[in-house]
Structures are given as C-alpha cells and as structure tokens.
Amino acid sequence: RSARYPCTVPGCKQVCKTLGDLKRHESVLAHKPPSWECPRCHYHFTREDALKRHVKNVSNCASVKARARDRAASI
C-alpha cells in the first residue's frame, strides 16, 4: 500500500501521494494567491510551469478566452 500525505492546512482535504507533492501543494498551489499572469489573456496561475505550459500550448489564448466570454454572455 502506498503512503498518503494529507495537507496540514486547516480545512484542506488534499491528500498527496508523495511528500514532495505535499510540500509543493502546501507552499505554492492551493494556499497562496496566483502570482503568474499570462501577458496575452491575463489568466493567473499559481505555478510558473503552468503558465509556461499555457503559453506554449494555447497560442491564441486571448481569442479563446474572448470567445468563451462571448458565449457565456449570450446565454
């Protein structure tokens, strides 16, 4: 059976598979405001690698976000 590492922040129910994942979760992910922003669509990320992946994989992110906003507004 694999080890499980529950988050120690009160009220958080996150359980990680590795101690490294838990440390990353507690220090960066869920318990701090996002500090990385896409320069094109202004979407915010909690991790720099997530922003880099977004910029690499979503080349037209500003227009994608705008279309999603337009669709939501028309409903």
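Annotations for the structure displayed:
- Ordering of 48-54, 8-14 by burial proxy (mean other Cβ atoms within 10 Å per residue, highest first): 48-54, 8-14
- Net charge contributed by nearby residues that have their C-beta within less than 14 Å of K23 (K/R +1, D/E -1): +2
- Taking a sphere under 14 Å around the Cβ of C7 and counting the other residues whose Cβ falls inside, with K and R at +1 and D and E at -1, yields a net charge of +4.
We did not get these values from a lab; they are worked out from the coordinates using the rules stated. This structure is a prediction, so every number in the text was calculated from the model and none was measured. All Cβ positions, even for glycine, are placed from backbone atoms using ideal geometry, and neighbour counts span all protein chains on display.
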